[in-house]
1. Output the residues belonging to the range 48-81 that are of a type outside the set (A, V, I, L, M), over 21 Å from ILE164 (Cβ atoms) and in contact with a Gly (Cβ under 8 Å, 6 or more places away or on another chain).
2. Any residue at all in the range 123-143 that's within 23 Å of VAL51 (Cα to Cα), part of a strand (DSSP E or B), at pLDDT below 85 and of a type outside the set (Lys, Arg)?
3. Filter the range 80-90 down to the residues that are surrounded by 18 or more Cβ atoms within 10 Å (Cβ to Cβ) and in a strand (DSSP E or B), then identify the one that is modelled with the highest pLDDT.
4. Given the options LYS6, LYS68, name the one that is surrounded by 10 or more Cβ atoms within 10 Å (Cβ to Cβ) and basic (Lys, Arg).
5. Among THR55, THR62, which is the only one that is at pLDDT 95 or above and either surrounded by fewer than 16 Cβ atoms within 10 Å (Cβ to Cβ) or among the aromatic types (Phe, Trp, Tyr) (or both)?
6. Can you pull out the residues in the range 44-60 that are in a strand (DSSP E or B) and closer than 16 Å to MET145 by Cα?
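The values are calculated or read from the model by the stated rules, or taken from the named source; none is laboratory data. As the structure is a computational prediction, the values presented were derived from the model and not from experiment. Cβ atoms come from the backbone with ideal geometry, glycine included; neighbour counts cover every protein chain shown.
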Amino acid sequence: MTSIIKVDQIQTAAGATPTIAELGVNITSTSMPTGAVLQVVQEVGSTGRQVYSSTSYFNLITASITPKFSTSKILVSVHTSITRQSSAYVRSKITRGSSDIYIVDTQTAYLAGNSAELSVGSISGDILDSPNTTNSTTYALQIHMVSSGNILVDGQPVITLMEIAG
């Protein structure tokens, strides 16, 4: 015999909405299927053109995530569009804290005719990281100018962090 219970709402004795734990559901790293997306964090940078000329790496955009399980992977995706105003070029990398985890590009490509002036390019990269922690973890897209000149970040830099069950 099969029983069916239908309700419109479940509340605690105090009238509040119960948490997953209060309902007796126990989610662990072993109960989640490998590859399941557990959470997503996205940061979108400032709109408009930002001019940079630093020859030292600096954070263009950052985002933090607190993994639910130490066995989780974090998929880090970054993207921005850039324009250079001279023959200078940009190097970029993704970092976790103070550690480099992915060199996005050794010399970001530019699309231009025969002129180095106002060439347009982009910085994009994805890396699946294993931070092995449940502490808050900060990721960043860092860039720097390799030679003199200016770089304009044309659009909105974006960094997306996805916690994946491992």
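1. SER53, THR80, SER81
2. Applying the first criterion (within 23 Å of VAL51 (Cα to Cα)) to the range 123-143 yields 123-125, 139-143.
Next cut, part of a strand (DSSP E or B) only: 123-125, 139-143.
Narrowing further to those that are at pLDDT below 85: none.
So far as the range 123-143 goes, no, none of its residues is within 23 Å of VAL51 (Cα to Cα), part of a strand (DSSP E or B), at pLDDT below 85 and of a type outside the set (Lys, Arg).
3. Pass one, the range 80-90, residues surrounded by 18 or more Cβ atoms within 10 Å (Cβ to Cβ): 80, 82-84, 89-90.
Next, only the ones that are in a strand (DSSP E or B) stay: 80, 82-84, 90.
Values: THR80: 88, ILE82: 81, THR83: 76, ARG84: 71, VAL90: 78.
Here the residue is THR80.
4. LYS68
5. The conditions single out THR62.
6. Of all residues in the range 44-60, those in a strand (DSSP E or B) come to 44, 50-52, 58-60.
Answer for the range 44-60, where residues must be in a strand (DSSP E or B) and closer than 16 Å to MET145 by Cα: GLN50, VAL51, TYR52, PHE58, ASN59, LEU60.
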